[in-house]
Amino acid sequence: MSESGHVYIVAGPSGAGKSTLIKRFLSQVDGFRFPTSVTTRQAREGEVDGDHYFFVSSQEFKQRIQADEFLEWANVYDCYYGTLKKTIEDSLASGEKLLKDIDIQGAEALIELLPKEKLTSIFIAPPSFSELKKRLIDRESESPETLKNRLAEAEVEMSGMDLFDKIIVNDVLEEAYVDFRDILLGQN
């Protein structure tokens, strides 16, 4: 693996602002790539297969597990998510900087699997649990059952934030973005 390749993983509960920070950063800064993960969940409005995720059936995902194609994979909210080995290995070997949104289970796996010098882990936390609940309700994409599950999972995810190299509390978006950008550009 090349010395210049690096993976930045970003985790945190749904509604903490991971996607917002990542999208803004990638739209403003060159030299980073967002690796496409594989999932069995349904595409959300505006998501494109092969861009946001590779959307596959549960059967195909399980076949890929058997073929040992994943560096890590997890079942989250009754859907599978996985990071392809080939994507990460090829990117590191070619010296690319990857910026990856990942669930807590996947983050824990990558923290264990990738060399410390090749990985920076960032946890995005909400300012409070009540604010997180408000954000999830406000985005109007969650059924009552899904909301309940996401809030329960958020408690588990928040308890694992000590594993991460950096923690950003996303209270004021602009301040969180500056902290996020500075970490990725090596200024923090």
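Numerical summary
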{"quantity": "Subset of segment 117-163 (residues that are closer than 24 Å to Lys100 by Cα, assigned to a loop (DSSP other than H, G, I, E, B) and of a type in the set (D, E, K, R))", "calculated": "Arg139, Glu142"}
{"quantity": "Subset of segment 45-85 that is more than 25 Å from Val7 (Cα to Cα), acidic (Asp, Glu) and outside any helix (DSSP H, G or I) - its residue that is farthest from the chain's Cα centre (by Cα)", "calculated": "Glu45"}
{"quantity": "Residue within segment 104-114 that is at pLDDT 85 or above, under 23 Å from Val38 (Cβ atoms) and not in a helix (DSSP H, G or I) present", "calculated": "yes"}
{"quantity": "Every residue from segment 131-188 that is hydroxyl-bearing (Ser, Thr, Tyr) and either at pLDDT 95 or above or surrounded by 14 or more Cβ atoms within 10 Å (Cβ to Cβ) (or both)", "calculated": "Thr146, Tyr177"}
{"quantity": "Where Ser121 falls short, out of the listed (1) in contact with a Phe, Trp or Tyr (Cβ under 6 Å, 6 or more places away or on another chain); (2) more than 19 Å from Glu72 (Cβ to Cβ)", "calculated": "(2)"}
{"quantity": "Meets criteria (among the hydroxyl-bearing types (Ser, Thr, Tyr), surrounded by fewer than 19 Cβ atoms within 10 Å (Cβ to Cβ) and within 24 Å of Leu26 (Cβ to Cβ)) for Thr36", "calculated": "yes"}
{"quantity": "Checklist (1) buried (at least 19 other Cβ atoms within 10 Å of the Cβ); (2) under 16 Å from the mean Cα position of the chain (by Cα); (3) within 28 Å of Tyr177 (Cα to Cα) applied to Leu26, failing item", "calculated": "(1)"}
{"quantity": "Residue in segment 127-137 that is acidic (Asp, Glu), within 19 Å of Leu71 (Cβ to Cβ) and out of contact with any strand residue (DSSP E or B) (no Cβ under 6 Å at 6 or more places or on another chain) present", "calculated": "no"}
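The values are calculated or read from the model by the stated rules, or taken from the named source; none is laboratory data. The structure displayed is predicted, hence computed values, not measured ones. Please note: Cβ atoms are built from the backbone with ideal geometry, for glycine as well, and neighbour counts cover all protein chains shown.
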